[in-house]
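First the structure, in the form of structure tokens, and then the observations on it.
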Amino acid sequence: MKKTSLFILTISLALLTSCNNTKSSYEAITYFKMEGDKLLRPTDYRKWVYVGTPTTPNDMNNGKAAFPEFHNVYIDPDSYKHWKSTGEWREGTILVKELVSVGTKAAVSGNGYFMGDFIGLEATIKSKELFPNEPGNWSYFSFTNPGSKNLKDTATAFKTNQCNSCHAGNAQDDFVFTQHYPILRSAKNAGENTTPENSSSRPKTMVIGEWDPAAPTPENLDLEIPLEKEALFAYLKSGAYKKFKTQEKEKHPSTGPHTQVGLPVQVFMNDIIASSLAENRDEHPMGASIVKEMFNKNGELAGWAVMVKTQDKSDDGLGWFWYEVTSSEDSDAIAAIGNGVNGCISCHQIGNRDMVRTAFPFQK
Ligand code: HEC
Ligand code: HEC
């Protein structure tokens, strides 16, 4: 186990010279070692900073999750410190993802998913020096060894399109999925000598529930779409939004949970949002409206998702009215209705298009 020190490779970084000496108190060390183009299997990472455990159980993914099942994610302590003080990933950042199977689905505490055994190990590293040609300078590795009881000792980087591209397109902070890691979100830019780890603050989701509105919906606005529950449902049933000039010609498989990844959806936009998107505006004006038809697997209409801007300022999603109903017959089958619905915002805030996720101009 004396090997440990070998893995801590000290490199002097240009980064240090740009800071004044008092500010950067930590040494720029990296927590991994390369041999040629091979990454040696990281060790000691369970003593690093724990970041979170996203879970994609096989039984929720047709028996075959792409990355089964629990993903325990860790970041090296120096990169965590750097993230805390700058909100950026430093040269030499390494994040490790340890895969753990679902063991049992019942415990004395109730039904659920409980960790079984370690089954795999993956890593991602940001380094301009080592990976000058990778987007964002992030490279991806796996030590998982299907069919063997032992992990691999070394790994070569995956091709860009195998890992990097999905991270590039979907992760919130420079290729890292901070949207799924509250530990990193609360530490971002918190400041070098702060302790977000000790904070007592709990976000509004705890207080009001993820699918409840966090702000009142202004009344008596003169909008194209009515926002009152029954009036809105009647409007959607009437199909009046189909007169919007900007609409997808065909259904496409949803890349979001509307109502389930892969089921068909079709998007309609009014003129206000269409021209605002075309002009690439940071915030869409009041009245911007989008209706999304959602279909079941037989292609029958199964509900609508709606977004309407009720003021010019986005205000982190409070300025948007959110609505989703999962029936075309029952106006009470509502998943959410109101301004500032956090469950919707948490996903829609990705990208810098004021909450709009659909590719625009439309592909078809
Ligand atoms: C289809 C999209 C997708 C692809 C392809 C993908 N990942 Fe990820 N990756 C994710 C998501 C989503 C997360 C965060 C949530 C989770 O772990 O499920 C993640 C998290 C990670 C993390 C933890 C750090 C972070 O960036 O959040 C590592 C390490 C990682 N992936 C490695 C890999 C490797 C290695 C490959 C290629 C074999 C790969 N990923 C391919 C979607 C993807
Ligand atoms: C897990 C992530 C996620 C959540 C949660 C989510 N959405 Fe979406 N939504 C998406 C993605 C991704 C798209 C665009 C891709 C697609 O479906 O084709 C989208 C598209 C939409 C659209 C079409 C306009 C646009 O932004 O592209 C509407 C309207 C919409 N969502 C409303 C809602 C409402 C209302 C809620 C909350 C009840 C919600 N969404 C929750 C991911 C999400």
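So the values come out like this:
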| read-out | value |
| --- | --- |
| Of the criteria (1) touching a residue at least 40 places away in the same chain (Cβ under 8 Å); (2) under 23 Å from the mean Cα position of the chain (by Cα); (3) open to solvent by 30 Å² or more (accessible area, probe 1.4 Å), which one Gly262 fails | (1) |
| Residue identified as in the same structural domain as Ile334 (by TED's automatic domain parsing) and either of a type outside the set (D, E, K, R) or without any contact (Cβ under 8 Å) to a residue 12 or more places away in the chain (or both) among Pro135, Pro182, Pro216 | Pro216 |
| Test: residue in the range 194-207 that is within 16 Å of ligand 2 (Cβ to nearest atom) and more than 30 Å from Arg90 (Cα to Cα) | yes |
| Hey, Ser346 open to solvent by less than 60 Å² (accessible area, probe 1.4 Å) and either more than 12 Å from ligand 2 (Cβ to nearest atom) or free of Cβ contacts under 8 Å to residues at least 12 places away in the same chain (or both) or not | no |
| Per-region count, the range 225-259, residues more than 30 Å from the chain's Cα centre (by Cα), buried (at least 17 other Cβ atoms within 10 Å of the Cβ) and charged (D, E, K, R) | 0 |
| Residue check for Lys204: over 19 Å from the mean Cα position of the chain (by Cα) and either at pLDDT below 95 or more than 27 Å from His348 (Cβ to Cβ) (or both) | no |
| Residue in the range 298-306 that is within 9 Å of ligand 2 (Cβ to nearest atom) and without any contact (Cβ under 8 Å) to a residue 12 or more places away in the chain present | no |
| Conditions (1) more than 16 Å from ligand 1 (Cβ to nearest atom); (2) at pLDDT below 95; (3) on the phi < 0 side of the Ramachandran plot; (4) not hydrophobic (A, V, I, L, M, F, W, C); number of the one not met by Gly63 | (3) |
| Members of the range 170-182 that are within 8 Å of ligand 1 (Cβ to nearest atom) and open to solvent by less than 60 Å² (accessible area, probe 1.4 Å) | Ala171, Phe175, Val176, Phe177, Thr178, Tyr181 |
| Evaluation of Pro146 against (1) surrounded by 13 or more Cβ atoms within 10 Å (Cβ to Cβ); (2) at pLDDT below 95; (3) in contact with a strand residue (DSSP E or B) (Cβ under 9 Å, 6 or more places away or on another chain); (4) not acidic (Asp, Glu) (one fails), failing number | (1) |
| Check on Thr104, in contact (Cβ under 8 Å) with a residue 12 or more places away in the chain and either assigned to a loop (DSSP other than H, G, I, E, B) or surrounded by 19 or more Cβ atoms within 10 Å (Cβ to Cβ) (or both) | no |
| All positions within the range 122-143 that are surrounded by 16 or more Cβ atoms within 10 Å (Cβ to Cβ), of a type outside the set (Gly, Ala, Ser) and either within 11 Å of ligand 1 (Cβ to nearest atom) or in a loop (DSSP other than H, G, I, E, B) (or both) | Glu122, Thr124, Ile125, Lys126, Leu130, Phe131, Glu134, Trp138, Tyr140, Phe141, Phe143 |
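Condition check ((1) modelled with pLDDT of 95 or more; (2) under 30 Å from Glu129 (Cα atoms); (3) open to solvent by less than 50 Å² (accessible area, probe 1.4 Å); (4) touching a Pro at 6+ places or on another chain (Cβ under 6 Å)) across all residues:
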position	(1), (2), (3), (4)
Asn58	no, no, yes, yes
Phe67	no, yes, no, no
Trp89	yes, yes, yes, no
Leu95	yes, yes, yes, no
Val108	no, no, no, no
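The values are calculated or read from the model by the stated rules, or taken from the named source; none is laboratory data. Note that the structure is predicted; figures quoted are calculated from it, not measured. Using ideal geometry, Cβ is built from the backbone for each residue, glycine included, and neighbour counts are taken over all protein chains shown. Remember, those area values only see protein heavy atoms, side chains included, never the ligands or the DNA or RNA. Shrake-Rupley method; radii C 1.70, N 1.55, O 1.52, S 1.80 Å.
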